[in-house]
Amino acid sequence: MDLPRREWTDYRIAGDRGIELLHAHYVHHNYERHAHDTYALGVTETGVQSFTYRGAYHASAAGTALVLLPSEVHDGHAGAPEGFTYRMLYIEPAAIADALADAMERPAALPFVPQPLVRDPVLARLIRRLHQALAAPASALERDVLFQEMAVALATRHADSRPRGRSVATGRSALARVREFLHDNVAVDISAEDLAGVAGMSRFHVSRQFRRAYGMPPHAYLLKLRLAEARRLIAAGEPAALAAAGSGFVDQSHLSKRFKGAFGITPGQYARAVRSAVTPR
């Protein structure tokens, strides 16, 4: 595969939670020795990324997750002539601690991951998906769930001391209340905290138990409901922009992306098909 030789960077801050996001391709850039006050979690997407960390040299190939701990000094540069592309999340330790305390239902130590390169497709996928959700239109619920899942995967799969949560038994009635709440609030930007209040359990356990009961996590179930509502509104003659607002999408482009992903056609194509449908006599 031909890799880009032009350098570029996309840096932004997820305003609702203060996570810094970097998506970049570097060929000639060399990071000087530096450290972050945050966890720096990332994934190499193409090429080879080389750096020194805790006195050792490392080379990260495509698909490898990176875990750099707060205050650890490191540098960075391309490890191959074609450079490298990577995504990074810079997350305050307090946010990680809060997610783990919720999942374990007790205070949890911050995860200490001894090696900076983690060859774990699960963690790499979660980091990438969270980065994408924070950088583009996504529901608060989707962002909450992905952040929780990523933090728990980091701690339970790779930390030196791996926390264990309490066993939680959940009745179907609590999950039914969550499901009903989602149906009643399709157009509302629901958070994981909202669902935890409805169910009477932690944010993490709502997501895990709901997935077991209904085959998908709450944010995916809510997306299914929103797409169904958008189809109904479009079929009733609403313009796509109003259908997006009325079914809980951030904007028309967010609806179009999700609609195309689910049904293989755009909202406009669906609207035209509905208008041209011939009713049999």
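The values are calculated or read from the model by the stated rules, or taken from the named source; none is laboratory data. Just so we're clear, the structure is a prediction, and the values are computed from it rather than from any experiment. As a convention, Cβ positions derive from the backbone with ideal geometry for all residues, glycine included, and neighbour counts pool all protein chains shown. Just the protein is used for accessible areas: all its heavy atoms, side chains included, with ligands, DNA and RNA removed. Shrake-Rupley method; radii C 1.70, N 1.55, O 1.52, S 1.80 Å.
Would you be able to say whether some residue in segment 7-17 is among the small types (Gly, Ala, Ser), at pLDDT 95 or above and in a strand (DSSP E or B)?
Within segment 7-17, none of the residues are among the small types (Gly, Ala, Ser), at pLDDT 95 or above and in a strand (DSSP E or B).
Being at pLDDT 90 or above, within 14 Å of residue 214 (Cβ to Cβ) and open to solvent by less than 40 Å² (accessible area, probe 1.4 Å) is the filter here, so list the residues in segment 146-181 that pass it.
Passing the criteria: only 178.
In this structure, does residue 110 turn out to be farther than 30 Å from residue 250 by Cα, out of contact with any Asp or Glu (no Cβ under 6 Å at 6 or more places or on another chain), open to solvent by 20 Å² or more (accessible area, probe 1.4 Å) and modelled with pLDDT of 95 or more?
no
Residue under question is residue 193, and the condition is that it be closer than 16 Å to residue 147 by Cα and either surrounded by fewer than 17 Cβ atoms within 10 Å (Cβ to Cβ) or among the acidic types (Asp, Glu) (or both); does it hold?
For residue 193, the condition - closer than 16 Å to residue 147 by Cα and either surrounded by fewer than 17 Cβ atoms within 10 Å (Cβ to Cβ) or among the acidic types (Asp, Glu) (or both) - is met.
Tally the residues that are in contact with a helix residue (DSSP H, G or I) (Cβ under 7 Å, 6 or more places away or on another chain) and in a helix (DSSP H, G or I), restricting the search to segment 123-155.
22
Would you please list the contacts, defined by Cβ atoms under 9 Å and residues six or more apart or on different chains, that run from a residue in segment 233-258 that is at positive phi to a residue that is open to solvent by less than 40 Å² (accessible area, probe 1.4 Å) and assigned to a helix (DSSP H, G or I)?
Pairs found: 237/271; 248/222; 248/225; 248/226; 248/230.
Every residue, every condition in (1) touching a helix residue (DSSP H, G or I) at 6+ places or on another chain (Cβ under 6 Å); (2) open to solvent by less than 50 Å² (accessible area, probe 1.4 Å); (3) within 22 Å of residue 147 (Cβ to Cβ); (4) of a type outside the set (S, T, N, Q), yes or no:
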| residue | (1), (2), (3), (4) |
| --- | --- |
| 42 | no, yes, yes, yes |
| 62 | no, no, no, yes |
| 77 | no, no, no, yes |
| 86 | no, yes, yes, yes |
| 99 | yes, yes, yes, yes |
| 105 | no, no, yes, yes |
